[in-house]
Structures are given as structure tokens and as C-alpha cells.
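Read the structure below first, then the notes.
The values are calculated or read from the model by the stated rules, or taken from the named source; none is laboratory data. These figures come from a predicted structure and were not determined experimentally. Note that each Cβ is placed from the backbone with ideal geometry, even for glycine, and that neighbours are counted across all protein chains shown. Each accessible area value is taken on the protein alone, full model and side chains, heavy atoms only, with ligands, DNA and RNA left out. Shrake-Rupley method; radii C 1.70, N 1.55, O 1.52, S 1.80 Å.
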Amino acid sequence: MTAELVRGQNHPLSQARLEIRIAAGTPVVAGATLGDEHGTVHGAEWVVHPGAPTLPGLEVSRQAAADHRLAVDLGAMPEAVHRVHVLLALPSAGGPVRFGAVAAPFVAVTGLDGTELAGYTITGLDAESAVVALELYRRQGAWKVRAVGQGYAGGLTELLTDQGLPQAHQLANTIHEAVAQGLARAVTPPARTADGDRARQTATPAPGPEQGASATQGASGAVPPQPLSPYGTQPPGTPPQPTTPNGSPASGTSQPASPYGAQGAPAASGPPPGHTQVPADGSAAQPAAPTAGGPIDYSHPRRQNAAPPPPPPVAPPVQPGQPARPVAGDATGWSMDERLYNQVWGMFEDLARSTAAYRSAVDFADSRMEKELDAALADPRNRIGGQGDAAREAARAKYAQLVEQARAAYDRDLGQLTAESEVVEPALPLAYARWDNPVWHGYRVPFEAPMAVRMGDLHLPECPELRIPMLIRLPLERGLWIDSGAAGSLDGSFLDSHELHGLAMDTAVALAARLLAVHPAGDYTLHVIDPAGSGAQALAPLVWTGVLAAPPAVGAAGVGDVLARLTERVDLVQMAVRGGAADSLPPGLDTSEQLLIVNDFPHGFDDRAVTQLRYLADEGPSVGVHLMMVADREEASAYGPLLDPLWRSLMRLTPVPDDHLADPWVGHAWTYEPALVPPGSQVVQQVLNQVAEARTKYT
């Protein structure tokens, strides 16, 4: 699945041979600079531009165009090169003079087969006429891409000066002169609407005037001429093909070539008092293809640039009058994971609304029976005798008939949802699957993070056997609170505080192991605070496999050290993002997602530590620092109302089944069950061993 980057965000690159595709609302100049480990460009020979379009491992277009394809071979980069900055600039001869006057440029990193790995729409530009769009950088032997979007009002001269080039002005003039010589071949952007937006091209560029092709006429006017190819090397009529930076064909190629709240589901009521609403995040709807001259949808540019997804699975034929057989992955989406995610949330919504209809029908039948009984008994003569008994029997019979009809319709819906669950559950990917799903036995460390993760199961009292996976989007927008407080289970049994705390720690470890397992190696870092060491037994799988960033912090000193480091990281990343200088972070700063497990709060926490913890809960998720607390709220009551905002900012989960969550549509109280590992299973140990091995290779 394509990673849609925002400014400052990075993404690992699993391929060495890539294309960087650029789509803009006007002809732009594309280039790149090669930098050392500090990002310094040592001379003009380290810059690739239309006047010097090739360097080892890199080739750019020779002309200004609205669409570009840059060839990149990371394996051919010299050892001294650690950073590659992709540059865009407006030509100096004619046309717009600032990016704020044109549609926001879009850049995508793709494989040679056209599969998008990461995309970035450069928004927020105004007076700038040059911009650093992307940065490809080498880190510990692996390459990543970072969305930069740093603009320069002084154009290429200011940009190149900022890159450390002493002769920046002369080089900028050289680039503009080279572009001016090729303006006759520049691509004219498609017709735009009055607001300046345009629909991006999705088809292969048509032959341009150099190939003798005439412009075709359409409803919106003539189709503008297109270039021969991104590099001007293919003969007329030859489709584009992958090439290496030196212009030769690539090996192996031949010459010819929601929740669903976003969907408009109204909430019938808010959640019951004391219940937390499950967030209805995610967008399941697939937008329609853009029309010519229509506005650009910046929220999901990949959908205008990538090929349409394959059609969803089709249900097998059934006998007339029979319901259609369910098929896993038949929801909308641009990948099977997204389809399954949307299908699960569709089942969640269907069950919520079907149950609401059933409960409403039962309430109506009960209300009607009461009214009929009241009417029958209003006359004192009917209170005694056969006439009154007959009226009461008729009211009860009508009630039973209405309830039976409602239950029959409800059972029909439950049967369809149960059949769908039986085919969906085995097809779920790792991040969505239960720990007893056989998919975990074939576990391999993934190359990209999933769109969501399973936190447990949800069910209603009318149908306890039908479990809906509770999927939460990633990255987490809220911290998690595993409640270890004394409470009775729904089956009437009670657990002592020691047993409940052990189950809470097991729940936290299972969730942490899942989050580690579904992220690429090196993209998720786990910290643990265990002041008194009471969670040592539950934390053993994390400690023994070596997946922790450091041993669990103990004592007040350990608590203060971990909180100080994570607080500093939040401060640094926030300042860099807000200042548009994400590339200026300290070299040793760990930019991966961070998860902090806090056990036995508030033991070992002073006032300063409590303040830092609240800061992490409030500000951490926006910059990749997440909190998972294992605590009993009653034990923290000594702090008074100071901690109430902290508890409210976290999503409460329980180590035993508890009906404290509400759906976002009608507000039912759902019973939550944690995603625990089956007793005696070694699946977590095996998964964590692979995670630890992959992390060792990565570092």
C-alpha cells in the first residue's frame, strides 16, 4: 500500500531501482543534488540538472515539463553519497513566477513496474519559485525517503546556496539557460479551470509535435502536446520503458513495452454514560475518477496517478431466492488489506444497526402491550372475569407475535453476518488476525506498516457468539490505558488485585508485541517503565528476545531518565516540523515510532514525572510517541483531579471482558475482550525472535 507522506515524514525504500514521478500544474524544472552524510553538496559536479542530466545512479529530464520521470538507482550511488535531494523550480523565461499561483505539485516514488511506494503533495507554497521536494537518504545501510517541501522565494540561487554550493548563482543561470534552449519541447499543461486546478494525467503521454502527431479534439478542447519520453531517448511510437541512469534498458525488460463515519452514517445517539466511543476513523469510499478540468483532490493524490485497483472478489452463483454467499475482501479499497478493514467495519455497523432495529421492535411491542392492557383494565367491569382475562391474553399474544417477528428478522441478519465472519476471519492479515490464526505461523517481518491493528474483539449480549474485530487505525491517535483496577467480570466471578494486574500486564505485552510485529524493522521502538519490577514475569518475552530499546527502567531515577529523553524527542520533532526544518534534527535522534509502557503508575512518579507523562499523552501521538499505561485509577486518586485529563485522553481497555465501549452509530454498549495469546502458545515468542533478528540486521 502506498505511503501518503506529510511534510517531515519518512518511509523505507525496499527497492534500489526506482522512478520519481512528478506532476505539476505548469512546466517545472526537475533536478537533484547529491550530498554527503551531512547533506553538503561539494560542487557543481554533484548536481544533476537539464544541462547535465546524468550522474552515477541518477538521470533527470532535459527540459521543463508538467510531468517528469526521474530514474534512480540507489545501488549505483557512490559510497560518498548519503543524501539525494529532488529539486523543482519554475523556469525563469515566462510562465508563473511563484508556486502559489499554480496547482500544488505532486511527487511519487515508484518501482520500475509503476507501483507507488510513497507519494507527497507539496502544499503550503506561496512566493517560492524553487522547492526541495524529497530527500532520499542512506541510514545504516538502508535507504529511506523523506517528504521535505522546503521552498525558496529566491529561486534556484537561494536553494543551491542553502545546499552549500559556493557558485550557486552561476549554476542557477546555467540551469535556466539549458531549460530555455529546450522550451520548444516543453510540455503545455492541460486546460485548467478558473481556479487554476487541473486533472492529473493518468494515461501514457501521447506523441508530441516532434513525432508528427496531430492534436485530437475533445469536448473540452485540444489535447496539449506531450513529450517523447521523460528522457527523450525512445524512438517515436515506443512506449516508455525502465532505464538505468546511464540510459541503457533495465535488465529483464524488452524494448516494446469506517469505522465509517466518513460515509455519512448518522449517529442515532451518543454513547451511554461511562462508555468510551470507538473511533470511527478511516475512509471506505472510493472517490470517482476526476473529470477533465475538475479540481484536484489533494487528500489522496495516488488515486489520480496510480492504475485502478483490481476488482474485488466476486461471490459464487447461488440458487434463486437464496442470499448471496459472503466473500472476504468484497468491500471497496485499493488493496486487500484496505478492503478487509472496510469490510470489518461494515460488519460492525451492520450488527450495530440490526441490533438497534431489534431492540426498537421489542420496545415497541412492550409499549403496545402495556397500552392494550391499560385500555382493557380501564373499565372496572373488565378487571374481573373472563372478558378481562381474554383481553390480557390477546395483548400478550400480540406481544409475543411482534417479538417473534423481530427476532426472526434479527436472526436472519445474524446468520448473514456470521457467515461473513466465518470467511473474513481466516482471511485477515497479520495486523488484523487473532493470535490463534494460522497466518502467524508464516510470519515474516513486513516492509511497510499496516493501516490498522487489532486491539481485541467486540460483541453484544443478544449474540455473544458473533465477535467483531476491534480495528484501530495507525498511527495511534490516542494512548492506551490497560485498567488493572479491581472489578468483577461479566460472568459474575471476581479476581483479586494480583491476578487482575497480571492479566493487565499480559494484555499490554500482547498488544506491544503485535505493534512491534506489524511494523518494519527499525520503525518501532519500545520502552518500558517498571519502577518496582512487579511486571518482570509478564515482560519476560520482551526482555529475553531483546526487542526493547533498553532494559525496563526501575526506580525514580530510571523513570526520570526515560521520560526526560522522550519529552526531549517530542520537543525537537515538534520544533522541526513547525519550523519546516525536519532535515535539521540531530543525527543520532531516533525518528521511528516510539511506544512507552508504564507499569504500576503512580508508584515511582514525582510531580515532575507526572507532568512529563501528561505532556507525552497530549503531545506525543502527533510526533510518533505513544503511551500505554497499566494502572489502577483508584490507586492514583491520591493525586486528586490533576490526573483526570490524563485518563480522559487515553483509550481504556480492560484485561477481562467488560462492556465499556460504545459504537459511533447508535451508541450500544459493546463488550470488549482483549486480544490475548492462547494459553501455552509460543507464537509471541517465535514472532518476537524474528523481530529481534530483523532489528539486529537493520542496525
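Structure summary
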| quantity | calculated |
| --- | --- |
| Protein-only accessible surface order, largest first, of D337, D483 at 1.4 Å | D337, D483 |
| Cα gyration tensor shape for region 16-160, rounded if a/c is under 1.5, else prolate or oblate | prolate |
| Peptides ranked, highest mean first, by Cβ atoms within 10 Å: ranges 665-673, 370-378, 31-39 | 665-673, 31-39, 370-378 |
| Amide H contacts of R652 (H built 1.01 Å from N, under 5 Å, at least 5 apart or other chain) | W481 |
| Those lysines that a straight Cα-Cα span of less than 22 Å connects to K144, excepting residues fewer than 8 apart in one chain | K697 |
| Loop trypsin sites (Lys or Arg not before Pro), region 410-447, which have at most 13 other Cβ atoms in a 10 Å radius of their Cβ (DSSP) | R444 |
| Accessible area per residue in Å² at 1.4 Å probe, computed on region 512-574 | 34 |
| Calculated FRET value between V439 and A390, using beta carbons and R₀ = 60 Å, to 0.05 | 0.45 |
| Spacing of the two label points (7 Å from each Cα toward its C-beta) at A564 and K697, in nm | 3.8 |
| Protection proxy ranking, peptides 359-368, 608-617, 633-642, average beta carbon neighbours within 10 Å, highest first | 608-617, 359-368, 633-642 |
| Per principal axis, descending, Cα span of region 484-607 in whole Å | 56, 35, 28 |
| Rounded percent of accessible protein surface that carbon and sulfur make up, region 10-62, 1.4 Å probe | 49 |
| Potential extension, R578-D607 segment - 0.36 nm per residue separation minus Cα distance | 7.6 nm |
| Additional length obtainable on full extension of the chain from Y615 to D411, 0.36 nm per residue less Cα span | 68.6 nm |
| Low-density loop positions, GluC sites (Glu not before Pro), region 489-593 - DSSP coil, at most 13 other Cβ in 10 Å | none |
| Inter-site label distance for E499 and F364 at 7 Å from Cα along Cβ, in nm | 4.5 |
| Under 5 Å, built H, 5+ apart or other chain: amide partners of V598 | I529, M628, M629, V630 |
| Accessible area of region 539-690 belonging to carbon and sulfur atoms, whole % at 1.4 Å probe | 55 |
| All lysines inside 27 Å of K398 as judged from Cα atoms, apart from same-chain residues fewer than 8 positions distant | K371 |
| Label-to-label distance, nm, for residues given as E465 and V543 (7 Å Cα→Cβ offset) | 4.3 |
| Accessible area per residue in Å² at 1.4 Å probe, computed on region 610-699 | 40 |
| Computed lengthening from A532 to A400, 0.36 nm per intervening residue step minus Cα-Cα distance | 41.6 nm |
